1. Among Ile154, Ile160, what's the order by accessible area (1.4 angstrom probe), most exposed first?
2. Per residue, how much accessible area does the chain have with a 1.4 Å probe, in Å²?
3. Using a 1.4 angstrom probe on the protein heavy atoms only, line up Leu136, Leu153, Leu63 by accessible area, largest first.
4. At a 1.4 Å probe radius, which order do Trp41, Trp67, Trp23 fall into by accessible area, largest first?
5. At 1.4 Å probe size, with no ligands or nucleic acids counted, give the accessible surface of Lys168 in Å², nearest ten.
6. Once you charge only the Cβ atoms, +1 for Lys and Arg and -1 for Asp and Glu, what is the size of the charge dipole of the stretch 117-198 about its Cα centre, to the nearest 20 debye?
7. Which residue, chosen from Met110, Gly80, Thr56, occupies the Cα position most advanced towards the positive end of the dipole of the chain, where the dipole is computed from +1 (Lys, Arg) and -1 (Asp, Glu) charges on Cβ about the Cα centre?
8. Taking the convex hull of the alpha carbon atoms in the chain, what volume per residue do you get, in Å³?
Amino acid sequence: IGVFRTIFSSTVATSVAVASLVWFVLLQPEIGVLSDLFSGWLPVLKSPGLLRDPSTALPAVALSSVWAGLGFTFIVITAGLQGVPKELYESAYVDGAGSWRRFTNVTLPMLTPSLLFVTVVLTTRALQTYGEVALLTGGGPNPERSTTTIPYLIYGNDSIIRSDLGLKSAAAILLFLVCLVFAVVQFRGLEKRVHYGN
C-alpha cells in the first residue's frame, strides 16, 4: 500500500514547470511517446499536434493541469478516508448493508468535507492557471489564442494587453472576483450536503 500511495501522491512533489515540460515532451508530434502510440486512433497527435491545434490545445493543457493536481487530491481524499470511524462500517455491515450501501451511506457522507475542500481549492487553482499555458502553448496557438487565460493576460510575454497597466489591473481584479464568486457559490451550494462527523 505504501508503494502505491507514493506513486499516486508523487505529483505533489512535481512543480508546474516540470509537469508541463513532461507533458510537452509527451505531446510533441515529432518525438512524443503519445503521438507514436496513439496516432492511429487520433491523427491530430501527429498533425498538427494536440498543442498546436486550436480545438485540442486547451484540453491538452487541462490534462497536464489535472495530472499535476492528482497527488494533492489523492492525499486529501486518503486523509478523509482514514478519518471515517470503523464503527460506522461495522454497524452498517451488521445492519445488512452491502458494499454499495456502505459507500453511499457511510463513506460518501463522511468524505463530504474533504470533497468540498478539494473542489474549492482545485477550482481556484484552475482559474489561476498560468504556468501550464506559458510553457505548453504560450497562450496560443495563434491567432486563435485558445489557451489564453486571465493570468496569462496579466503576466504573459505575448499577452495582447502586456503594455497596458490599467487593463492588467482590471484583469487582476476580475480574476479575484471570479474566484470569489465561484468559491461562494460552491460553499453555498455544497455546504448543505456536507456532513461534519463528531
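1. The ranking, largest first, comes out as Ile160, Ile154.
2. 62
3. Ranking Leu136, Leu153, Leu63 by accessible area, largest first, yields Leu63, Leu153, Leu136.
4. Listed by decreasing accessible area, they come as Trp41, Trp67, Trp23.
5. We get 50 Å² for Lys168.
6. 300
7. Met110
8. That works out to 162 Å³ per residue.
The values are calculated or read from the model by the stated rules, or taken from the named source; none is laboratory data. Keep in mind the model is a prediction, meaning the values are calculated, not measured. Quick reminder, even Gly has a Cβ in these numbers, built from the backbone with ideal geometry, and neighbours come from all protein chains shown. Note: areas computed on protein heavy atoms with side chains; ligands, DNA, RNA excluded. Shrake-Rupley method; radii C 1.70, N 1.55, O 1.52, S 1.80 Å.
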